[in-house]
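For reference, the structure discussed in these notes is given below.
Any read-out appearing in this document is the output of simple, stated calculations on the displayed coordinates, not a laboratory observation. In this text, all values refer to a predicted model and were calculated from it rather than measured experimentally. Positions of Cβ are generated from backbone atoms using ideal geometry, with glycine treated the same way; all protein chains shown enter the neighbour counts.
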Amino acid sequence: MLPSYPSVVTELPAPLRERKKQRTRQALIDSALELFTARGFADVTLDELCDGVDVSKRTFFRNFVSKEDVAMAPLQDMWLAVLAELETAENPGRTLLTLLEECLVAALDRIGDEEWARRARQSHRLAQNTPSMDAHNREFCERTTRALLEIAHRRFDVGALDDPRPRLAADMLVSAFHYAIEGWGAGTARPDSADLAARVRTAVAALPGSLTLTAIPR
């Protein structure tokens, strides 16, 4: 089961208690990313991570289920924001793939400030060299894809539940995002969410051509 949408996607001001909780969560993310980047994921213990923010393990586990979870939080928050966008999106006849693309770009616009972009690039680079993070990311990706499909089937007429097209549309969006973030994450310029969104649009635009690309013998 996916966690509830993070308060970062909420437009109304959060109560004081919720703001304090969000600050603690963000401090854990920042501390984790800095420690993992400097020393390596495997060499940082949970005790060290908690001590760096002066919180208990109990507080940590109120926010995250594992070291992998906190390390992947920036990108997971983005996908949870995509789900929130899809819950309220209007769709006057656009294809499902276009609708999902617009929700992804809207989520990046909503949460993708400079600090998020910095954290997201750190998280992506760590995952490239950390097998357990990569496995965690794949599992989260599968759950998120299923959640996207659940919302799409509940809110829109996208065919029967056993119709393969909605699943393939969601998979294509995820694949396009993975392609986009590979180039974005390897960049040397200051990370910018607008650049990532532009890369997503370019990748999605290339999908129809990939389906008709002919493999001609050399």
Computed [θ] at 222 nm, deg cm²/dmol, the chain (DSSP H ≥ 4; -39,500 (n - 2.57); rounded to nearest 500): -23500 deg cm²/dmol
Using alpha-carbon coordinates, inclination of helix 164-185 to the longest axis of the chain, degrees: 50 degrees
Residues in segment 69-92 that a label on ASP157 would reach, taking backbone N under 15 Å of a point 7 Å out along Cα→Cβ: 91-92
Relative contact order [Cα under 8 Å, 6+ residues apart], the chain, whole percent: 22 percent
Test item: Cα-centred dipole of segment 72-210, Lys/Arg +1 and Asp/Glu -1 on Cβ, debye: 260 debye
Stretch gain in nm, segment VAL65-ASP109, where the contour uses 0.36 nm per residue and the Cα spacing is subtracted: 13.1 nm
For segment 12-65, the Rg and Dmax computed from alpha carbons only, in angstrom: 12.1, 39
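Kirkwood hydrodynamic radius for segment 72-210: how many Å is it when counted over pairs of different Cα atoms?
15.3 Å
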10 Å Cβ shell holding at most 15 others, DSSP loop, GluC sites (Glu not before Pro): longest site-free stretch of the chain: 91-218
Nearest-ten-degree value, helix 96-111 long axis tilted from longest Cα axis of the chain: 30 degrees
